[in-house]
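The values are calculated or read from the model by the stated rules, or taken from the named source; none is laboratory data. Treat the numbers as computed from the prediction; the structure is a model and nothing was measured. Cβ coordinates were reconstructed from backbone atoms using ideal geometry, including for glycine residues, and neighbour counts include every protein chain displayed. In case anyone asks, the SASA skips ligands and DNA or RNA and just uses the protein heavy atoms, side chains included. Shrake-Rupley method; radii C 1.70, N 1.55, O 1.52, S 1.80 Å.
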Amino acid sequence: ADGLTSQFFGYLTDEVINAEVLAIIVDGERRESAHTGEKVQVVLDRTPFYGEGGGQVGDRGTLSWNDLGTEADRAVVTDTKKPAENIFLHHVTVGRGEMRIGDRIFAKVDPAHRAGVRAHHSATHLLHKALRDVLGTHVRQRGSLVQSDRARFDFSHFEAVTAEEIKQIELQVNEAVLSNSSADVRSCSMDQAKERGALMFFGDKYGDTVRVVALGDSVELCGGIHVPRLGDIGLIKVVSETGVSAGVRRIEAQCHLAVLDQMQHVWGQLEGASRRLNVKMNDVDERVGVSLEQVKKLERELAKTRQELTIAQANAGKGG
């Protein structure tokens, strides 16, 4: 990747016209061209594709060129990496045609994938703020993974988060979403960021100019892509809370359309259970509890009967 530089436009747009192919790479070796069916890595001089970093997965989408109506040559971008500052590696599969060095490309990010990713990324910022408000300021981010359908957030805390605390956290983050306030993203000096009270993570390396992302009451240093308004996140639901290691907990959450998929799935299971148990959905938990008690009672009676039968058979044998 020597001598290559990519200019990133992904904060402003999800498509770039007339991007130039600077490099085509296969197994670490540069090539002059790539053909139909080949999997290659492509470097463009300008790109809207976010390269994986800061816990946020890389963008997906398409590259097209030689546009002749609907028959444009095209390649599918399955992932984007950022191996060095100002270098974006697009992992592509050439779908049709031949791509050559110097070709002019129309680069377009998959809007649905990006919408899910940025919603989940913004959700992690709101979760971090709520965790600190509910559990205490000792809470610090210890890692994250932001995907299009799920967000994972690791944080410092000394005990399991209770069900009541999770309810408080969910209430706070969803009230922030309902405020639908605009995201405030700006670049400034480190001193200015500190004056704004931005959360920053010791151990991370920051330059003289930093990017501050303010989402409601949450203010953090972050290089990721976020929603323009908090309402774009949709409902946030914590789906699990577990321990990772001593003093580190993990929350997994869903939002945007992913949480709708999850709720429809769970709702369908609940509807099915209510039909099979012949009770209303609100009464499923109680009916299951009663049924389990009946099963346990029957198991105890069966064990007792088997024991009595064994004793009776033993006595019958003695009598014979």
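Scanning region 90-118 for residues that are of a type in the set (A, V, I, L, M, F, W, C) and open to solvent by less than 30 Å² (accessible area, probe 1.4 Å) yields VAL92, VAL94, MET99, ILE105, ALA107, VAL109, ALA115, VAL117. So is LEU178 of a type in the set (A, V, I, L, M), open to solvent by 30 Å² or more (accessible area, probe 1.4 Å) and outside any strand (DSSP E or B) or not? Considered against the rule, which asks whether it is of a type in the set (A, V, I, L, M), open to solvent by 30 Å² or more (accessible area, probe 1.4 Å) and outside any strand (DSSP E or B), LEU178 comes out as yes. Within region 136-175, the residues that satisfy the criterion of being assigned to a loop (DSSP other than H, G, I, E, B) and either over 30 Å from ASP208 (Cα atoms) or out of contact with any Ser or Thr (no Cβ under 8 Å at 6 or more places or on another chain) (or both) are GLY136, THR137, GLN147, SER148, ASP149, ARG150, HIS157, PHE158, GLU159, ALA160, VAL161, THR162. Of all residues in region 90-118, exactly one satisfies the criterion of being within 21 Å of the chain's Cα centre (by Cα), part of a strand (DSSP E or B) and of a type in the set (A, V, I, L, M, F, W, C), namely VAL109.
The rows are residues; the columns are (1) over 30 Å from GLU252 (Cβ atoms); (2) without any contact (Cβ under 8 Å) to a residue 24 or more places away in the chain; (3) open to solvent by 60 Å² or more (accessible area, probe 1.4 Å); (4) touching a Phe, Trp or Tyr at 6+ places or on another chain (Cβ under 7 Å).
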| position | (1), (2), (3), (4) |
| --- | --- |
| THR13 | yes, no, no, no |
| ASN18 | yes, no, yes, no |
| ILE24 | yes, no, no, no |
| THR36 | yes, no, yes, no |
| VAL42 | yes, no, no, no |
| ARG46 | yes, no, yes, yes |
| ARG74 | yes, yes, yes, no |
| THR80 | no, no, no, yes |
| ALA84 | yes, no, no, no |
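Mind checking which residues of region 234-247 are open to solvent by less than 30 Å² (accessible area, probe 1.4 Å) and assigned to a strand (DSSP E or B)? If the condition is that a residue be open to solvent by less than 30 Å² (accessible area, probe 1.4 Å) and assigned to a strand (DSSP E or B), then VAL238 is the only one that fits.
Of note, ASP67 satisfies the criterion of being more than 30 Å from LEU221 (Cα to Cα) and either acidic (Asp, Glu) or open to solvent by less than 10 Å² (accessible area, probe 1.4 Å) (or both). Taken across region 23-38, residues that are in contact with a Ser or Thr (Cβ under 7 Å, 6 or more places away or on another chain) and within 26 Å of LEU145 (Cβ to Cβ) do not occur at all. Whether a residue is under 30 Å from ILE25 (Cβ atoms), of a type in the set (D, E, K, R) and open to solvent by less than 50 Å² (accessible area, probe 1.4 Å) was assessed, and ASP154 does not pass this test. Selection of first residues in region 182-207 that are under 17 Å from TYR11 (Cβ atoms) and among the polar types (S, T, N, Q) and of second residues that are modelled with pLDDT of 75 or more and part of a loop (DSSP other than H, G, I, E, B), restricted to Cβ pairs under 9 Å at least 6 apart or on distinct chains, gives the following pairs, ordered by first then second residue: SER182/PRO228.
Considered as a group, the residues in region 260-292 that are aliphatic (A, V, I, L, M) and over 30 Å from ASP232 (Cβ atoms) include one that is most open to solvent (accessible area, probe 1.4 Å), and that residue is LEU292. Return a yes/no flag: does region 266-281 have any residue that is within 23 Å of the chain's Cα centre (by Cα), in contact (Cβ under 8 Å) with a residue 40 or more places away in the chain and assigned to a helix (DSSP H, G or I). No; the residues of region 266-281 include none that is within 23 Å of the chain's Cα centre (by Cα), in contact (Cβ under 8 Å) with a residue 40 or more places away in the chain and assigned to a helix (DSSP H, G or I). Checked against the criterion of being open to solvent by 100 Å² or more (accessible area, probe 1.4 Å) and among the aliphatic types (A, V, I, L, M), the candidates LEU302, LEU257 yield just one match: LEU257.
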